[in-house]
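The values are calculated or read from the model by the stated rules, or taken from the named source; none is laboratory data. Predicted model only: the values in this text are computed from it and were never measured. No Cβ is skipped: glycine too gets one built from the backbone with ideal geometry, and neighbour counts run over all protein chains shown.
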Amino acid sequence: MDSSNTAPAGQEHHPDCMRAQALAALAATAWPDKLARVRAIADDAMLDCQRVFAPMDGVPGRPPLPELVAPAQVRQRSMATQEGRAALLHALAHIEFNAVNLALDIMWRFAGMPEAFYRDWLRVAREEALHFDLLRRRLDALGYAYGDFPAHNGLWDMAERTCGDLLARLALVPRTLEARGLDASPMIRNKLAGAGDTESAAIVDIILRDEIGHVAIGNHWYKQQCVAAGKEPVACYAELAKRYDAPRLRGPFNLEARRAAGFDDAELAALQAG
Ligand SMILES: [Fe+2]
Ligand SMILES: [Fe+2]
């Protein structure tokens with residue numbers, strides 16, 4: 001039966017809805033298919049903000065490789081060798097692959113937000129797809145491919161823990177894990193540049209520039225949701241970090257990038273107080 005026959009007037013379900021397209025891209029397993037689906041979602045795609053999707057098996061779609069292992073099993077390698085630099089780029093590519101999935105996931109999973117919310121995360125999904133593509137092209141140039149090294153899944157684990165709580169998702173994915181990327185980027189960039197790999201270092205520069213925007217989007221919607229729920233952002237963050245067992249963030253912090261991403265003095269003081 002066509003489900004649109006049973007939907008209330010004005011609530012018919014369109015397969016072309018931006019959120020339905022995001023879910024289809026999330027379910028895609030092969031990276032070329034996932035990237036093509038993300039690119040195909042139009043800015044002006046029809047948007048049904050209220051639709052509640054039935055939970056779906058097989059999300060997130062991902063290829064059989066890389067093999068997923070515990071974080072402690074991912075070895076740090078020397079930047080002096082091409083293989084070592086490829087392993088680092090591969091770890092970054094895996095983060096970006098997860099980041100594509102995370103941006104798509106927030107779009108279909110959380111109904112009832114304003115149109116601007118879904119459009120913001122579409123922009124993030126596109127930029128994550130670009131980051132993944134830049135890294136896998138660079139890997140290719142070095143003689144490697146996505147899937148050649150084992151990887152860990154810390155980013156997606158936090159997505160699962162916060163799948164029923166938008167405020168927690170915003171607090172702990174963009175504002176914690178992606179923000180941690182802002183802190184880590186200068187060191188990674190310098191390691192690559194120090195090893196003479198200026199092309200890889202230039203990709204990390206692009207990623208850092210874009211990630212400031214992603215954390216800013218996370219901050220914007222986190223604060224909007226705090227206001228809607230009558231919560232104070234700093235205290236609410238501390239409570240969510242504890243409840244969902246968020247990783248403890250350690251310095252050095254990239255305060256300039258964090259400020260540019262919208263963290264205010266009270267939040268940065270709380271961060272530094274640990
Ligand atoms: Fe990214
Ligand atoms: Fe990001």
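Structure values in brief
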| read-out | value |
| --- | --- |
| Criterion (under 23 Å from M79 (Cβ atoms), of a type outside the set (S, T, Y) and within 16 Å of ligand 2 (Cβ to nearest atom)) met by exactly one of A202, A257, A193, A261 | A257 |
| Every residue from region 9-50 that is in a loop (DSSP other than H, G, I, E, B) and either at pLDDT below 95 or acidic (D, E) (or both) | A9, G10, Q11, E12, H13, H14, P15, D16, D43, D44, D48 |
| Criterion: loosely packed, with under 14 Cβ neighbours inside 10 Å, assigned to a helix (DSSP H, G or I) and not aliphatic (A, V, I, L, M) - qualifying residue of K223, K242 | K242 |
| Qualifying residue in region 176-185 (condition: crowded, with 20+ Cβ neighbours inside 10 Å and away from ligand 2 (no atom under 14 Å from the Cβ)) | no |
| Among the residues listed as D157, D165, the single one being more than 16 Å from ligand 1 (Cβ to nearest atom), under 23 Å from C226 (Cα atoms), surrounded by fewer than 16 Cβ atoms within 10 Å (Cβ to Cβ) and charged (D, E, K, R) | D165 |
| Condition check for L192: under 21 Å from R137 (Cα atoms) and modelled with pLDDT of 95 or more | yes |
| Residue match in region 63-78 (condition: assigned to a helix (DSSP H, G or I) and surrounded by 20 or more Cβ atoms within 10 Å (Cβ to Cβ)) | no |
| Residue within region 40-60 that is within 18 Å of N153 (Cα to Cα) and in contact with an Asp or Glu (Cβ under 9 Å, 6 or more places away or on another chain) present | yes |
| Check on A228, assigned to a helix (DSSP H, G or I), more than 13 Å from ligand 1 (Cβ to nearest atom) and closer than 15 Å to L268 by Cα | no |
| Identity of the residue in region 91-116, aromatic (F, W, Y) and more than 17 Å from L172 (Cα to Cα), that ends up nearest to ligand 2 (Cβ to nearest atom) | F97 |
| Number of the condition not met by S200 [criteria: (1) under 16 Å from the mean Cα position of the chain (by Cα); (2) among the polar types (S, T, N, Q); (3) under 18 Å from L89 (Cα atoms)] | (1) |
| Only one of L89, L122, L68 that is over 23 Å from A45 (Cβ atoms), within 16 Å of ligand 1 (Cβ to nearest atom) and touching a residue at least 12 places away in the same chain (Cβ under 8 Å) | L89 |
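A quick yes/no check of all residues on (1) farther than 30 Å from W108 by Cβ; (2) within 16 Å of ligand 1 (Cβ to nearest atom):
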residue	(1), (2)
R169	no, no
L172	no, no
M187	yes, no
G196	yes, no
A202	yes, yes
I206	no, yes
R209	no, yes
H214	no, yes
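Let's see how each residue does on (1) acidic (D, E); (2) closer than 30 Å to Q82 by Cα:
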{"site": "L177", "(1), (2)": "no, yes"}
{"site": "G181", "(1), (2)": "no, yes"}
{"site": "E211", "(1), (2)": "yes, yes"}
{"site": "A228", "(1), (2)": "no, no"}
{"site": "V234", "(1), (2)": "no, no"}
